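Quick note: the coordinates plus some simple rules give every number you see, no bench work behind them. Since we're looking at a predicted model, the values are computed, not measured. Cβ atoms come from the backbone with ideal geometry, glycine included; neighbour counts cover every protein chain shown.
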Amino acid sequence: MTDNNTEKQTLIEPNDAVNDEQKTVEEPKKKSKLLIVLIIICFLLSLCCLAFSFYLYKNTIVANGGYQHKVDALSTQLTTKIEQQNAKLRQSKSSTDKLKTQIEQLNLQLLDEQNKSKLFSADVETLQRKFAEANSRDSSDWILSEVEYLINLSGRKLWLEHDLRSSLALLQAADKRIIAMGDPSLNPLRRALLEDINTLEALPTRDIDGIVLALSGLQGRVDDLNVVGLEMPEVSDKDNKNVSGDVADWETNLNKSWSSFVNNFVVINHRDEPVEALISPDQAWYLKENLRSDLSKAEFAVYREQQDIYDLALKSAMDSVELFYDLEDRNNRQFYSVIKRLSEQKVSVSYPDQFKSAPLLSRILKQRVSKVFAIESAE
């Protein structure tokens, strides 16, 4: 088989050589034509590509311009919308801030109202507790409160108004209220109250109105007083100038008659006491005004309870009446006796500084109140 194949190959080889030579001659021609065609085709293709590229470029530029206008318009619209949104956002933020501020104010008002309601609740509870305390007290506590009021009022009457009678009457009324209670535990209080009553009863009573009216009446009577005038002492008659009825004494009687006749021409009186000068009307007026001033001082001293000034003023008035007014006159003598009687009156009184029953009553009331609160806390 292999030998046959080799023979065939040897037969074919001369033909193939001829064909190869022809092919080698035709191939350069074909290649040159093909190259020219390819170059023309490439040139045409490049022209087409350039034309297409120019068309695409032109269309792209036009399209880009339109797109740019659209983008600018869209960006303008977007910017406007963004600004509007920002404005709305700012408005919403401001409204939100306002709402927050209003909410905070409302919260503060709510807290304030809650605090007020708590205070009101506390006040209501306090009132309820006081009402319960008032209901829990018995009548004796109210009577003790009344006794305390009477004692305090008595002190004001005594120390502020110096009204001894009203103060004593108020203490006696307080004693009657304690008796009406019938509580043996209050015996120390009543003992102290009775001591206060005895102390006030021991004080001297003063008739202020009577003294003032008497002094005012004396001032009105000053003008009716008689001022003492010139008092001439009696002439001392040492010689007996009476003529006797005995005839045997004719010589003595003659001498006496002659002496009396001679002495009538020049009269010389012998007085052993000095003669006081007369008081002029102006001086009498000064005396009366001075006396009236002393009585006015005594009247003011009565209102102010100044015993020393009262005594000095009446002593000065008594001395003036004794020295410058006629005590033999009935009106003057009665005027002097009234001043002397008024000088014995007491216008100032030393009052006690404090009632013994007041602190004891205060302590009793505190004990009872604390006892009531202790009972309520235990319940």
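Tabulated data for the structure shown
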{"quantity": "Per-residue Cβ neighbour rank within 10 angstrom, fewest leading, V349, V147, V228", "calculated": "V349, V228, V147"}
{"quantity": "Unsatisfied cross-links (Cα-Cα over 18 Å) in the set K118/K366; K98/K118; K176/K366; K118/K371; K315/K346", "calculated": "K118/K366; K98/K118; K176/K366; K118/K371"}
{"quantity": "E299, E289 arranged by Cβ crowding within 10 Å, fewest neighbours leading", "calculated": "E289, E299"}
{"quantity": "Tail beyond 18 Å, pair distance distribution of segment 52-116 (Cα, percent)", "calculated": "67"}
{"quantity": "Burial ordering of H162, H69, fewest other beta-carbon atoms within 10 Å first", "calculated": "H69, H162"}
